[in-house]
Structures are given as C-alpha cells and as structure tokens.
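These notes are about the structure you will find just below.
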Amino acid sequence: VEGLSGAVLEELTTYEGLSLLRLERYPELLRLAADHNECRTPTHNTLFLEGAAARASGEPVRAVDLLGKSHASAGRASFVPALPEVRGPGLPNLLGAALIDLGEYDAAREAFCEAIAREPNNLEARLGLVGLLLATGETELLLQELDLLIGERGDDPRVWSFGAIALGGDADLVPDLQAWLEEGVRRFPDNTELRGRFEAVKAGAEPSGQG
C-alpha cells in the first residue's frame with residue numbers, strides 16, 4: 001500500500017508540475033517539485049521538473065545537479081514511466097542550456113548532441129548549438145549552422161529570431177545581422193520582433209542581443 005500511495009503521489013506531482021511547466025509558472029513548480037523531492041523519493045520526472053524550474057529561476061548550479069540526476073535515473077529500470085520531456089530531447093536540451101550558463105561548454109555540447117541523437121530534427125537542440133557556438137566564439141561554425149537551419153527550417157520564424165539574437169551578440173557580425181534580418185522581415189513581414197530589430201540595426205542602435 002505504501003508503494004502504491006507513493007506512486008500515486010508521484011504521478012499527481014508529475015502531472016501538476018508538467019502543467020505548471022507548460023504554463024511557465026516556475027516559482028510554483030519549484031516549490032511543488034522541491035517539496036516532493038525533499039519529503040518523498042525523487043524520480044526522474046520530479047527531478048527534471050525541479051531542475052527545469054531551477055534553470056528558469058536563474059539557478060544553473062542547482063539545475064545542472066537536478067537534471068544530471070534525472071538523466072542518470074531515467075537510464076535505470078523503474079516502475080515510473082518517464083515523461084516525454086525526460087525520455088526525449090527536452091532533458092538534454094535544458095541540461096545543455098544550464099551548462100552554457102556555467103561556462104561548461106564541452107559538457108553542453110555533449111548534451112545538445114545527445115538531444116539531436118534522440119530527435120535529429122529537434123529545433124531547440126539545433127538552436128542550443130547555435131547559442132553554444134556564440135558563447136565559444138566559433139563564428140565560422142555558427143554561420144554554417146545558421147545556413148543549414150535556413151535550408152532545413154527557414155519556414156519557422158524562431159530560426160530567424162534566434163539567429164538575430166546570436167548574430168547580435170558579436171559586433172563583427174553586424175553586416176551579417178542586417179542581411180539576416182532583412183531576409184527575415186521579407187519572409188515574415190508581420191513579425192514585429194524581427195522588424196523591430198531590423199529597424200534598430202538600420203538606425204545603428206541594435207540591442208545587445210541578450211534575450
């Protein structure tokens with residue numbers, strides 16, 4: 001009975017937490033998942049949820065610890081079914097982002113590569129790699145990756161928005177940024193974010209690119 005009640009409590013916490021995660025209600029999610037993990041046996045799902053909330057709350061050290069534990073736990077046999085976010089690219093994507101926050105770039109690269117291995121066309125993983133290449137100053141590879149993304153996912157405005165952030169993070173890439181934004185606005189004329197950045201670049205007042 002105790003095992004069953006623990007499983008039921010884990011399931012309730014997991015699905016309430018997943019709802020909070022999707023609604024981006026991170027403070028509530030952090031409290032919910034942390035309470036469960038402190039008072040009951042943590043699972044790969046509840047560790048993931050607390051880690052996701054920690055990363056969104058600006059606690060990358062805590063996030064890396066929790067997401068790493070979730071990753072390790074999910075690799076072991078368990079009666080608890082893993083959430084799609086845990087068994088798919090979501091977990092390594094979040095882990096990679098938190099590792100970038102800590103400057104642990106080699107480990108971040110491994111995480112994003114694992115996410116791509118789990119789902120080769122996952123856009124978040126590809127954009128995560130772009131962010132990593134920006135952080136490590138690998139400009140040539142960054143431009144190559146953006147060119148590949150245009151060819152493969154150029155119909156998705158997120159590619160153009162994130163590309164603008166990446167290019168805006170390096171003063172030497174301003175000419176590339178202006179051409180990038182001009183093409184993005186041509187493809188998505190109603191996208192106010194792209195248009196606003198394009199106008200700012202033309203006026204010589206491009207924001208810092210931090211987003």
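The values are calculated or read from the model by the stated rules, or taken from the named source; none is laboratory data. These numbers come from a predicted model, not from an experiment. Virtual Cβ from ideal backbone geometry, glycine too; neighbours counted across all protein chains shown. Quick note on the areas: whole protein, heavy atoms, side chains included, nothing else; ligands and nucleic acids left out. Shrake-Rupley method; radii C 1.70, N 1.55, O 1.52, S 1.80 Å.
One table, with the values for the structure above:
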{"item": "Cα shape, region 1-124, gyration tensor, a/c 1.5 rule", "result": "prolate"}
{"item": "Among 18-31, 129-142, 51-64, the order from most to least packed when residues are scored by Cβ within 10 Å on average", "result": "51-64, 129-142, 18-31"}
{"item": "Within-15-Å neighbourhood charge of L102 [Cβ basis; K, R +1; D, E -1]", "result": "-3"}
{"item": "Contour minus Cα-Cα distance for R40 and Y105 (0.36 nm per residue)", "result": "20.1 nm"}
{"item": "Extension reserve of the S57-L9 stretch, reckoned as 0.36 nm per residue once the Cα distance is removed", "result": "14.8 nm"}
{"item": "Region 67-139 - percent of accessible surface contributed by carbon and sulfur, probe 1.4 Å", "result": "55 percent"}
{"item": "Restricting region 64-154 to chymotrypsin sites (Phe, Trp or Tyr not before Pro) in coil, as DSSP defines it, with at most 15 other Cβ within 10 Å", "result": "F79"}
{"item": "Probe 1.4 Å, protein heavy atoms only - accessible area per residue of the chain in square angstrom", "result": "52 Å²"}
{"item": "Stokes-Einstein D (µm²/s) once Rh is taken as the Kirkwood radius of the chain over alpha-carbon pairs, at 25 °C in 0.890 mPa s", "result": "133 µm²/s"}
{"item": "Pairs of Cα atoms farther than 14 Å apart, region 90-129, %", "result": "28 percent"}
{"item": "Contour minus Cα-Cα distance for C113 and S19 (0.36 nm per residue)", "result": "31.1 nm"}
{"item": "Relative contact order for region 113-186, counting Cα pairs under 8 Å that sit 6 or more residues apart, in percent", "result": "22 percent"}
{"item": "Nearest-0.05 FRET efficiency for T136 and A203, computed from C-beta distance (R0 30 Å)", "result": "0.50"}
{"item": "In order through region 48-63: 3J(HN,Hα) via Karplus (6.51 cos²θ - 1.76 cosθ + 1.60), integer Hz, x for Gly, Pro", "result": "4, 5, 5, x, 5, 5, 5, 5, 5, 8, x, 10, x, 5, 4, 4"}
{"item": "Amide N proximity, region 118-142 versus A179 label position 7 Å along Cα-to-Cβ, cut-off under 16 Å", "result": "139-142"}
